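Step one of this worksheet: look at the structure below.
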Amino acid sequence: MSFTIAKSGEVTLVEVEGQLIVGNRQELKQRVLDELDHGERHFLIDFARTGYIDSSGLGVLVSLSKKIRELGGELRLANLNDDLRTLFELTKLDTLFQIADTRERALESF
Amino acid sequence: MRVALEMAVPNDVAQIERVVARVVATCADLHVPQRQLHFNVPVALTEALSNAILYGSAQQGDALVTVRAGLADRSLVLEVADEGPGFDLEACTRDPTAPENIEREDGRGLFLMRRLMDRVERYGGHGNVVRMVLELP
């Protein structure tokens, strides 16, 4: 699993490659918190190259979303495959996050 | 259960990805359907392993977690055994979709295991065993 962080205008774009699970979720959390500390407020996580996310990965997304909102920002998600979308629907996290079908649509919506 | 794979896993969450990949490969040999093979099995097994490592064997020093996969009748059976004191499955499962829980960071693991497998059971004896059963077509 690896993360790539890039900028697209005012949006910090995070790509997750591989699995987001208990063994690596803290790394993602810390990378996003570091960006928050640097003043970034708009985040998009792109899951186009993500295999699956476990409950601790989902938990980190929830906690990051809350933290970002508290600081006046926003976290959006894009490119969930059918399995990941099922996971979000089962846990009703699809009601908590704005989820776009593509990265472009997500970026347009900020 | 006819055991197709049994492996001892060091008490380290960094091992989970490797173990899940190995079990999924075994399940492919057992003709588990693709959707279950690539979604239900890895997600549910990852949760069971996390719980065993973080809450079970973690309290027991260098204890190992044992994973077994096999068939019983027309079902896939996955067992994750740890050396911890065990837990009450019903009491520990809460509804993470409830409004008061949805923004909690924790509490989705057992819920997902029970939604993605047909049966989840826990039993004691020597150590603590979580058994997950997926009925095959």
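Tabulated values for the structure
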| read-out | value |
| --- | --- |
| The one condition in (1) open to solvent by less than 10 Å² (accessible area, probe 1.4 Å); (2) at pLDDT 95 or above that A:His42 fails to fulfil | (1) |
| Conditions (1) among the small types (Gly, Ala, Ser); (2) open to solvent by less than 70 Å² (accessible area, probe 1.4 Å); (3) not in a strand (DSSP E or B): number failed by B:Ala91 | (2) |
| Any hit, the range B:32-48, residues being farther than 17 Å from B:Met132 by Cα, more than 9 Å from chain A (Cβ to nearest Cβ) and among the polar types (S, T, N, Q) | yes |
| Residue in the range B:29-46 that is farther than 19 Å from A:Asp82 by Cβ and small (Gly, Ala, Ser) present | no |
| Wholly enclosed helices (runs of 4 or more DSSP H) of the range A:48-110 bearing at least 2 residues without any contact (Cβ under 8 Å) to a residue 60 or more places away in the chain, among the hydroxyl-bearing types (Ser, Thr, Tyr) and under 25 Å from B:Asp95 (Cβ atoms) | A:55-70 |
| B:Leu71 being at pLDDT below 95 and either open to solvent by 10 Å² or more (accessible area, probe 1.4 Å) or in contact with a Gly (Cβ under 8 Å, 6 or more places away or on another chain) (or both) | no |
| Which listed residue is more than 30 Å from B:Gln34 (Cα to Cα), of a type in the set (Lys, Arg) and within 11 Å of the chain's Cα centre (by Cα), from A:Lys29, A:Lys7 | A:Lys29 |
| Conditions (1) touching a residue at least 24 places away in the same chain (Cβ under 8 Å); (2) within 26 Å of A:Arg85 (Cβ to Cβ); number of the one not met by B:Val24 | (1) |
| Selected residue (only one of B:Leu76, B:Leu112, B:Leu49, B:Leu54 is assigned to a strand (DSSP E or B) and either open to solvent by 20 Å² or more (accessible area, probe 1.4 Å) or not β-branched (Val, Ile, Thr) (or both)) | B:Leu76 |
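A quick yes/no check of all residues on (1) of a type in the set (Ser, Thr, Tyr); (2) more than 24 Å from B:Leu64 (Cα to Cα); (3) under 10 Å from the mean Cα position of the chain (by Cα):
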{"position": "B:Pro85", "(1), (2), (3)": "no, no, no"}
{"position": "B:Pro96", "(1), (2), (3)": "no, yes, no"}
{"position": "B:Gly109", "(1), (2), (3)": "no, no, yes"}
{"position": "B:Pro137", "(1), (2), (3)": "no, yes, no"}
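The values are calculated or read from the model by the stated rules, or taken from the named source; none is laboratory data. Just so you know, these numbers come straight off a predicted model, no measurement behind them. Here Cβ is always computed from backbone atoms with ideal geometry, including for glycine, and neighbour counts include all displayed protein chains. Heads up: the accessible areas ignore ligands, DNA and RNA and are worked out on the full protein's heavy atoms, side chains in. Shrake-Rupley method; radii C 1.70, N 1.55, O 1.52, S 1.80 Å.
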